[in-house]
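The values are calculated or read from the model by the stated rules, or taken from the named source; none is laboratory data. Please read all numbers here as calculations on a predicted model, not as lab measurements. When we count neighbours, we look across all protein chains shown, and the Cβ atoms used for this are built from the backbone with ideal geometry, even at glycine. These area figures cover heavy atoms from the full protein model, side chains too; ligands, DNA and RNA do not enter into them. Shrake-Rupley method; radii C 1.70, N 1.55, O 1.52, S 1.80 Å.
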Amino acid sequence: MELYRLTAHELHKKLVNEEVSAEEIVESVYGRIDEVEDKVNSYITLTKEEALKKAKEVDEKIANGEKVGPLAGIPIAIKDNMSTKGVRTTCASKILHNYKPPYNATTVEKLFDADAVMVGKANMDEFAMGSSTENSGMKTTTNPWDLDRVPGGSSGGSAAAVAADEAIISFGSDTGGSIRQPAALCGVVGLKPTYGLVSRFGLVAFASSLDQIGPFSKDIRDCALAMNYVAGHDKMDSTSAQVEVPDYTKALGKDIKGMKIGVPSEYFGDGIDKEVKDAVWKAINKLEELGAEYEEVSLPHTDYALSAYYLIAPAEASSNLARYDGVRYGHRSEEANGLVDMYKKTRREGFGDEVKRRVMLGTYALSSGYYDAYYKKAQKVRTLVKQDFERAFEEYDVLISPVTPTTAFKIGDKSNDPLQMYLSDICTIPINLAGIPALSMPCGLDSKGLPIGLQIMGNHFEEEKIFQVAYAFEQETKHHKEKPSL
Amino acid sequence: MKIDKETVEKVAHLARLEVNEEEKDTFAHQLSDILDHAEKLNELDTDDVEPTAHVLPIKNVFREDKVEDSLDRELALSNAPDKDKGMFKVPKIVE
Amino acid sequence: MLDGYEMTVGLEIHAQLDTNTKIFCSCKNEFGGEPNTHTCPICLGLPGTLPVLNEKAVDYIIKAGLALNCEIATFSKFDRKNYFYADLPKAYQISQFDLPFCEDGEVKINPEGEEEMIVGITRIHLEEDAGKLNHDGDISNANSSLVDYNRVGTPLIEIVSEPDIHSPAQAIAYLKKIRSILEYIGVSDCDMSQGSMRADVNISIAPVGSDKLGTRTELKNMNSFKAIEKALYYEPKRQKKVLESGGEIVQGTMTWDDEAGKTRAMRSKEEAHDYRYFPEPDLVPVVVDDQWVAKIKEEIPELPDTRQKRYVEELGIPEYDAGVITADRQMADFFEGVVSDYDNAKAVSNWMMGDFLRLLNEEDITISEVKFEPKDLAQMLKLMDDGIISSKIAKTVFEEMFATGKTPDTIVEEKGLKQISDSSELENIVSKVLEENQSAVDDYNSGNKNVIGFLVGQTMKATRGKANPGMVNKILREKLEG
Ligand SMILES: [Zn+2]
């Protein structure tokens, strides 16, 4: 089997047994990129030179008898909204097309410390605003299962790269579903950890109180491994939690007998495609067979979450994106006459439609006279959504639901109707408002042969329970072995 | 909530975004739609509900008052669209 | 001057805190420096960076709050104030909107020529400073500007006064009192020339007796007491003229043109600001408990009012003099340094109020730049008491100490300024003086006893001031009567 098809834990075994070198692994992945990248378009920037250098360092370490960690020599893709020192970080926006940060995001730094190899910077919806990666100002990424379809978004490049074997593991960010939704549409594993578990330092902010970094992988074990290296407190991020990070792989293989699963009925409404619902119910029944117990549960404020989210996230974004003004970095309009005109033209030329729309919406929601009616009201509803989950987790270990209402849709299908696009985030958004962790994993294919995602949610900092359930399901069903034929 | 063109102009100015006539119409339309959807929140009585700004109950996170290295100026200015005399250059401020 | 009207002044004082590092990053907090050498990804607002609060800045605002008799909030948080400007890297300032660290304070002031009074303090909040713009010439005709972000992120406290101030003297006394207290507690150097203390001044007038305030105009970033004082004489008169000619005051920002001595409306097409405040999601709340407050309370030194009272009651210093000396902590510390070596406190304060202050003003330096030590002044006063130097010579010695920093002993020695108290030497000199001034002696003998003053003067002149005046007097009388 080609090396690029393997998982990180499989490659690690070969590496430490000196069956293969890190250089061979990295070369194999770049070979795959040469083969499929012009069809998939996962990457904005490739960093082959640095990657090979890093691979050689790992090989030297092994040759010197040094012990290397499970991510050593593993080719990893990084979403292009994470700051990488000296490597262009564009957020898929024209406004940052030439921006090279002078520092690394904490997550990137931790991965480098673990000797992981960065393959390149993955495509995304501009500033992580979108659910299809069609909002990228750089290129359109396709779904490796059907090149006419979207990979989901906003971390579409990161999801597609892993699905197409252009990276072994990748990292994305999730503000309203931006990891879980593309993971579902591309048939890979994606985790949005508890808010505050992974440092946001160096993650270019979209909506600061919702953003969270997380991994994409080919199986649950790789996801747990990746979390072992990026989770934990960071003194550079005041909102990062002071918690002990367990070895997440220890949760894998634990019996799920007697575990209590809640099935929130609001997540199985009319808007959800029947094939998706059926696949998720089949998964729930499988977990029951494995000894878990399930019950239907109500999260009554689910329907309000979307509206609250589409006020809170744009409001924060309007402030976070104000710094792109053409003064210190990035694009500056050539046409301008005076400072204010320069601001306005720079931002007009630099931002795409969706970004402009959300900046406008957020500015409006915060403006004088509307703050209480919109922003504050939304924050209060956020409290209600959070309380729904708190009540549910008093009873249940995990909650299970679909990730997306449908499988991957066609490129161009929804791009002209923002509200319709927003509605596709209905199953993922409440999780961000509550700050809880949730994982998306494959649970079968629909009649078109497209992957369907299963969402497993846990209480704050209870990623281990999610992994425990997810691993049991994966090992029993092997849906992760289904691969696109690119 | 109906957003008119005048409101779009005002908001676009606050957000320092140039918009043309056609975009004003589009934005007015799309923002109205989204805000209509947001009206749904008014179904909920939230008078006694505290707003959530942070999901975790973290407080008192501080840094020690200890100096660390700043960036080399060359690096600080390396992304500047325009610079002069070690400073960021901007177009005239008063029009 | 405003007959029929009363002015109301609101002051928002910004003071930079004297921490080692900036408020949200570890860059050095230092005035000046080559442009953009004290910056990092955080204070430059590079994408992805996050603020982490400097604990010292919180200590300092609590200290300021306690010294200004405020309530310290147990729960405080930060908010974003959104606006675009080239000196503001994130296009928002991290500040505090509805939950500042300190509220409801007050200070006692003694405005010149007015009664002592209390000025209320509405609130004190913590925020970050912006960068600095440099232009060739005036901002209004500069074709481009250059931005230096060294100052970005300097911790600032903003002290907002209640509308209790109604005269220029009150405003100045209030500003000076706040400066004095902040210096005493060591949280800010309050150097207005370097911009580490500056004030936004709101001015309105209303008919005397009216319970409503008039429409106000605002002068931003004023950084000299003189300019503030002048503006507070000018602006209410201008407003009165407008009102009396049937016009209306336009609420808005004005600038003070110091050269012309006038306020001017700012030329701007900006609409009223809409700062879109919302809670800063990147920072967590600050909870200040009793223990923390108690710890800071212990660190607060004796404040100027208490010190003044002590000088009056225990040292017998006149109230006014004690007020002047204690207004400046360094001055008061210097005073106490002298007094610890020399027990006639009154004599010390006289010297400080006299020649010392005069020279400080003439040389335009602060007490920290003075070249001699408190013990030197004590030594000089002892030399006077011991009759080694006369008070006249003491002036010369003091000026020399001030100019060179040499000790009084050295100066007296080097310049040969020792008082002549040797009676035989003085008798010879007096005899000579009497010989040379025969007509004065004649006058004396014919009954004009006042002429003795002239003869003393002549003797002093002959000794270049070094003669012991008491002895000269005595010898003269003996010789004239004898
Ligand atoms: Zn800094």
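General observations
- The C-B contact accounts for approximately 3700 Å² of buried accessible area, totalled over both chains at a 1.4 Å probe radius.
- Computed from phi, the 3J(HN,Hα) profile of region A:222-237 under the Karplus parametrisation 6.51, -1.76, 1.60 (θ = phi - 60°) reads 5, 5, 5, 4, 4, 5, 4, 9, 10, 6, x, 5, 10, 5, 7, 10 Hz, with x in place of Gly and Pro.
- Region B:44-89 shape via C-alpha gyration tensor axes, a/c threshold 1.5: oblate
- Here's the list of lysines a cross-link from C:Lys479 could span, going by alpha-carbon distance under 21 Å and ignoring same-chain residues fewer than 8 apart: C:Lys432, C:Lys449, C:Lys461, C:Lys466.
- Near-label residues of region A:19-54 by backbone N, under 19 Å of a point 7 Å along Cα→Cβ of A:Ser485: A:36, A:39-40
- Karplus-based coupling profile of region C:368-373, in residue order and whole Hz: 5, 8, 5, 7, 9, 9, with θ = phi - 60° in 6.51 cos²θ - 1.76 cosθ + 1.60 and x standing for Gly or Pro.
- Spin-label proximity, A:Ser298 to region B:25-56 - amide N less than 15 Å from point 7 Å beyond Cα toward beta carbon: none
- Contour excess over end-to-end distance, with Cα ends at C:Lys382 and C:Arg310 and 0.36 nm allotted per residue: 23.5 nm
- Burial of 40 Å² or greater, region A:298-328 residues [accessible area, probe 1.4 Å, versus chain by itself]: A:Tyr304, A:Ser307, A:Ser319, A:Ala322, A:Arg323, A:Val327, A:Arg328
- Relative to the Cα centre, the charge distribution of region A:402-467, modelled as +1 at Lys and Arg Cβ and -1 at Asp and Glu Cβ, gives a dipole magnitude of about 200 debye.
- Model label points for B:Ile58 and A:His97, set 7 angstrom from Cα along the Cα-to-Cβ axis, are 3.6 nm apart.
- C:Asn350 paired with C:Glu115, simple spin-label distance in nm, labels 7 Å along Cα-to-beta-carbon: 3.5 nm
- The length gained on full extension between C:His273 and C:Asn134, counted as 0.36 nm times the residue separation minus their Cα-Cα distance, comes to 47.7 nm.
- Whole-percent carbon and sulfur share, accessible surface of chain C, 1.4 Å: 46 percent
- Residues of region C:24-40 whose accessible area (probe 1.4 Å, heavy atoms of protein chains only) drops by at least 20 Å² once all protein chains are present, relative to their chain alone: C:Ser26, C:Lys28, C:Pro35, C:Asn36, C:Thr37, C:Thr39.
- Heavy-atom surface of the protein assembly as shown, accessible at 1.4 Å and reported per residue (Å²): 40 Å²
- Couplings for region A:202-216, taken from phi via the Karplus curve 6.51 cos²θ - 1.76 cosθ + 1.60 with θ = phi - 60°, read x, 7, 5, 5, 10, 10, 4, 7, 10, 4, 8, 7, x, x, 10 Hz in order; Gly and Pro are left as x.
- Size of electric dipole in region C:200-242: Cβ of Lys, Arg +1 and of Asp, Glu -1, about Cα centre, debye, nearest 20: 220 debye
- Nearest-10 value in Å² for the accessible area of C:Ile139, using the 1.4 Å probe: 50 Å²
- Gyration tensor (alpha-carbon) shape descriptor, region C:38-193, a/c threshold 1.5: oblate
- Note on A:Arg391 and C:Ser245: the model spin-label points, each 7 Å out from Cα along the C-beta direction, lie 6.8 nm apart.
- Net charge in the neighbourhood of C:Ala91 (other residues with Cβ under 9 Å of its Cβ; Lys, Arg +1, Asp, Glu -1) is +2.
- Values of log10 I(q)/I(0), in the order q = 0.09, 0.10, 0.12, 0.14 Å⁻¹, for chain C under a Debye, Cα-only, solvent-free model: -0.77, -0.88, -1.12, -1.38
- Estimated FRET transfer efficiency when R0 is 60 angstrom, pair B:Asp33-C:Asp3 (beta carbons, to 0.05): 0.50
- Sulfur and carbon atoms: percent of accessible area, region A:396-446 [1.4 Å]: 48 percent
- For C:Lys262, a cut-off of 15 angstrom between C-alpha atoms picks up these aspartates and glutamates, skipping any fewer than 8 places away in its own chain: C:Glu218, C:Glu229, C:Glu235.
- In the C-A interface, the accessible area buried, summed over both sides, Å² (probe 1.4 Å): 2700 Å²
- Protein heavy-atom surface of chain B, 1.4 angstrom probe: 44% of the accessible area is carbon and sulfur, with nucleic acids and ligands not counted.
- Summed over both chains, the contact between B and A buries some 5400 Å² of accessible surface at a probe radius of 1.4 Å.
- Treating r as the C-beta distance of A:Glu335 and A:Glu288 and R0 as 60 Å, the FRET efficiency rounds to 0.40.
- Three semi-axes of the equivalent ellipsoid, region A:8-85, Cα gyration tensor, whole Å, largest first: 24, 14, 11
- Pairs beyond 32 Å (Cα-Cα), from C:Lys132/C:Lys177; A:Lys376/A:Lys414; A:Lys218/A:Lys286; A:Lys85/A:Lys478; A:Lys344/B:Lys59; A:Lys110/C:Lys132: A:Lys85/A:Lys478; A:Lys344/B:Lys59; A:Lys110/C:Lys132
- Difference of contour (0.36 nm per residue) and Cα-Cα distance, C:Ser439 to C:Phe31: 140.0 nm
- Cα-based reach from A:Lys380 at 18 Å (exclusive), listing lysines while leaving out same-chain residues under 8 positions away: B:Lys40, C:Lys77
- Calculated FRET efficiency for the pair C:Tyr233/C:Glu319, C-beta based, R₀ 35 Å, to 0.05: 0.80
- Cα gyration tensor category, rounded, prolate or oblate, for region A:382-486 with a/c compared to 1.5: oblate
- Net charge of neighbours whose Cβ lies under 12 Å from the Cβ of C:Tyr60, counting Lys and Arg as +1 and Asp and Glu as -1: -3
- Helix C:423-436 and the long axis of chain C differ in direction by around 80°, with both axes built from C-alpha atoms.
- The dipole here belongs to chain A: it is taken about the Cα centre, uses +1 on the Cβ of Lys and Arg and -1 on the Cβ of Asp and Glu, and is about 1240 debye.
- Lys-Lys pairs in region C:351-421 that are eight or more residues apart or on separate chains and whose Cα atoms lie under 20 Å of each other come to 20.
- Per-peptide packing, taken as the mean over residues of other Cβ atoms within 10 Å, places C:423-430, C:338-345 in the sequence C:338-345, C:423-430 from highest down.
- Proximal charge balance of C:Asp343 [Cβ under 15 Å; K/R count +1, D/E count -1]: -2
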